[in-house]
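Notes for the one structure printed next.
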Amino acid sequence: MTALIAANWKMNASLAGNEALLSALAAGIASKPACDVALCIPAPYLAQFVALVSQLPALAGVALGAQDVSSQPSGAFTGEVSAAMLKDFGCRYAIVGHSERRQYHGETDALVAAKAQQALAQGITPIVCVGETLAERDAGRTTEVVKRQLAAVIQANGHCISEIVVAYEPVWAIGTGKTASPQDAQAVHAVLRAQLAAASANASRVKIIYGGSMNAANAAMLLAQPDIDGGLVGGASLKAIDFLSIVSAACA
Ligand code: 13P
């Protein structure tokens, strides 16, 4: 399956910084990369991205993504950004259920499932994040937690489930420099793969990507695992040279 490398810039961006980063990416990326590449950027910069890509043809093959989406289609929801708005800017992906949103914004499994539903209704691929905390891992609850998180999305989205991307992001590996070993990550990916297969006959096309301190040094080993279909990259996506080397590892 074609690998997907998605950048999650999180709340790190500025007009000038984005221009520099996108120019550097454009200088180093193949105009038709052999794998899927996406940048999930803060919503205020979607228009800037669209404008810059028209000046940087090398980025034509890079898909645009958002970091969140509303669980509601439109209306009196101050501060929210709807899937239709993301669609207006050509977003192909929207991250939903990132652990930082579950942790700091109280997002529940049901809310995350509703967000995935909104994205799918607009033809946007939700990148559904699941992952256990360190306490949950230490208590031997990893499988139970990730399966519960994914089950909510499967239940709400039925036959559309083959249109999602799943990101396994162990919470203890995010931004910490600690990475799940390729074997540990593979074991969880295999659990998620089996869960998807039980839910849909078309689930074999669902990409299951890994996130959590993926970097230029460890990407190739993680991506070599049979059920790791790509990466969701935080910190290392903010440096063009690092992100490009992860893309190269995935496109090899
Ligand atoms: P880091 O790559 O900075 O650990 O972040 C991972 C992540 O949360 C991507 O969504």
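The values are calculated or read from the model by the stated rules, or taken from the named source; none is laboratory data. Just so it is clear, the structure is predicted and the values come from calculations on it, not from any experiment. Heads up, the Cβs are rebuilt from the backbone with ideal geometry, glycines too, and the neighbour counts pull from every protein chain shown. Ligands, DNA and RNA are excluded from the accessible area calculation, which covers all protein heavy atoms including side chains. Shrake-Rupley method; radii C 1.70, N 1.55, O 1.52, S 1.80 Å.
Based on the reciprocal of the average 1/r between different C-alpha atoms, the Kirkwood radius for the chain equals 18.0 Å.
Each peptide in 86-93, 229-236, 111-118 was scored by the mean count of other Cβ atoms within 10 Å over its residues; highest first, the order is 229-236, 111-118, 86-93. Taken over the chain, lysine pairs spaced eight or more positions apart, or on distinct chains, with alpha carbons under 22 Å apart number 13. Taken about its Cα centre, the chain carries a charge dipole of roughly 220 debye when the Cβ of each Lys and Arg holds +1 and the Cβ of each Asp and Glu holds -1.
Ordered by 1.4 Å accessible area with all protein chains kept, 9, 172 run largest first as 172, 9. The convex hull drawn around the Cα atoms of the range 20-138, when projected onto a plane and averaged over every direction, covers 9.0 nm².
Give, to the nearest whole percent, the P(r) tail of the range 1-87 beyond 17 angstrom, counting all Cα pairs. So the portion of pairs separated by more than 17 Å is 51 percent. In the distance distribution for the range 188-252, Cα-Cα pairs more than 13 Å apart total 62 percent. Take the alpha carbon gyration tensor of the range 97-241, find the square roots of its eigenvalues, order them as a ≥ b ≥ c, and report rounded if a/c is under 1.5; if not, report prolate when a/b exceeds b/c, else oblate. Verdict is rounded for the range 97-241.
Given their separation in residues at 0.36 nm each and the Cα-Cα distance between them, residue 34 and residue 1 gain 10.8 nm when the chain is fully extended. Taking packing as the residue-averaged number of other Cβ atoms within 10 angstrom, the listed peptides 200-207, 125-132 run from highest to lowest as 125-132, 200-207. When the convex hull of its Cα atoms is viewed from all sides, the range 165-226 shows a mean projected area of 4.1 nm². If you wrap the Cα atoms of the range 97-171 in a convex hull and average its projected area over all directions, you get 4.5 nm². Distances between placed amide hydrogens fall under 5 Å for residue 38 paired with 5, 6, 7, 63, all partners being 5 or more residues away or on another chain. Here is the short version for the chain: 40, 91, 129, 160 have no other Cys C-beta closer than 4.7 Å.
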